[in-house]
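First comes the structure, then the notes that go with it.
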Amino acid sequence: MNPIRLICTDFDGTFVGDQPRPQRLMEFRDLLRPLARQCGTRWAIVTGRRLGDLRPALAELAGFALAPDYLIVEDALIYRNGRHGPHLAFAWWNLGVRRRRAGLLHRNMHEVVRWRDGLLTRFPAARDRSRQVVDLWVEFADDDQATRAEILLRDWSYSPRGHRFFVFRWGNEVFLAPAAGTKGEAVTRLRQALRLLPHAVFAIGDGPNDLTMLDGRAAGLPACVGNAIEHVKETVRRNRGYVAAGEDLAGVVEALRHWAAAPPTAGVPG
């Protein structure tokens with residue numbers, strides 16, 4: 001058995017798909033338990049969701065006797081998931097990420113507000129889910145509108161001076177994220193806190209915000225699900241990772257089985 005010490009799974013589109021998945025959840029649980037018992041493996045959910053938006057999903061997982069050890073939310077904020085719920089284990093790290101993001105948003109305040117107002121004007125049925133004045137999270141009437149809005153927002157926010165913001169889309173929702181604090185940085189910080197080398201870390205995802213944890217630097221055992229975008233698949237292949245045939249959780253189970261059965265020297269050198 002490959003001694004995987006940390007499992008990092010993206011959530012929407014990777015761990016969670018469109019269809020109910022009780023059988024797959026039990027399969028994942030049955031893979032995780034022996035790894036935890038024999039190798040001390042920890043599991044982290046790594047998501048762009050906010051912590052509050054994740055709580056119903058955590059309650060559902062608890063019904064299958066599944067509880068992640070760590071939660072990385074908003075792509076970079078790290079929480080330890082304890083018996084009494086998530087609590088701060090990386091307070092200084094989280095504070096630093098929030099400060100960097102707030103600085104970017106403040107410096108670009110007028111533009112962000114203008115972009116958000118522009119989307120709401122062009123798509124009258126859209127719903128503003130932004131949590132603060134300088135924020136941009138919009139829910140659209142359907143996936144087609146969200147795709148068009150994503151293209152518009154990428155065009156508006158582009159800067160020849162380099163990335164200021166990432167634009168993400170999950171289904172019919174579009175979110176603008178300051179380019180400060182990525183999934184790859186957060187996984188690296190967690191890995192270092194656990195005193196692990198990259199080759200002991202498995203990471204899997206499907207979308208553009210997962211790329212930083214699948215490029216071989218944060219995790220030496222990268223993978224993606226069958227429904228991943230092509231750029232993610234190319235990145236995983238380029239870094240000697242595993243591209244699963246199965247979609248969402250079926251792909252997670254498939255990829256985890258692959259890496260768990262691989263020789264200990266497999267993966268990207270750490």
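Quick grid of which residues meet (1) modelled with pLDDT of 95 or more; (2) more than 23 Å from N209 (Cα to Cα):
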| residue | (1), (2) |
| --- | --- |
| D18 | no, no |
| D30 | yes, yes |
| I72 | yes, no |
| L104 | no, no |
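If I ask for residues that are of a type in the set (A, V, I, L, M), more than 30 Å from G118 (Cβ to Cβ) and crowded, with 22+ Cβ neighbours inside 10 Å, which ones from region 157-205 would you list? Within region 157-205, A186, V187, L190, A200, V201, A203, I204 meet the criteria. Filtered by the rule that a residue be of a type in the set (V, I, T) and in contact with a Phe, Trp or Tyr (Cβ under 9 Å, 6 or more places away or on another chain), region 105-146 gives V112, V138. If you go through region 92-118 and keep only what is among the hydrophobic types (A, V, I, L, M, F, W, C) and exposed (fewer than 12 other Cβ atoms within 10 Å of the Cβ), you end up with just W92. Of the set (1) under 18 Å from V138 (Cα atoms); (2) free of Cβ contacts under 8 Å to residues at least 40 places away in the same chain, all apply to A62 but (1). Just give me the residues in region 239-270 being modelled with pLDDT under 95 and buried (at least 21 other Cβ atoms within 10 Å of the Cβ), in sequence order. If the condition is that a residue be modelled with pLDDT under 95 and buried (at least 21 other Cβ atoms within 10 Å of the Cβ), then G267 is the only one that fits. Residue-level check: of (1) under 24 Å from D135 (Cβ atoms); (2) surrounded by fewer than 16 Cβ atoms within 10 Å (Cβ to Cβ); (3) at pLDDT 90 or above, Q38 misses just (1).
If you filter region 43-91 down to residues that are touching a Leu at 6+ places or on another chain (Cβ under 9 Å) and on the phi > 0 side of the Ramachandran plot, you find that the one that is surrounded by the most Cβ atoms within 10 Å (Cβ to Cβ) is E74.
Within region 37-50, residues that are farther than 16 Å from E185 by Cβ sit with their Cβ atoms under 6 Å from residues that are surrounded by fewer than 16 Cβ atoms within 10 Å (Cβ to Cβ), at 6+ positions apart or across chains, in these pairs: C39/P3. Please verify whether L104 is in contact with a strand residue (DSSP E or B) (Cβ under 7 Å, 6 or more places away or on another chain), in a helix (DSSP H, G or I) and in contact (Cβ under 8 Å) with a residue 60 or more places away in the chain, treating the condition exactly as stated. In short, yes. Of the residues making up region 65-88, those that are among the small types (G, A, S) and in contact (Cβ under 8 Å) with a residue 40 or more places away in the chain number 1.
The values are calculated or read from the model by the stated rules, or taken from the named source; none is laboratory data. Here the structure is a predicted model, which means the values were calculated and not measured. Note that we place each Cβ from the backbone using ideal geometry, even for glycine, and neighbour counts take in every protein chain shown.
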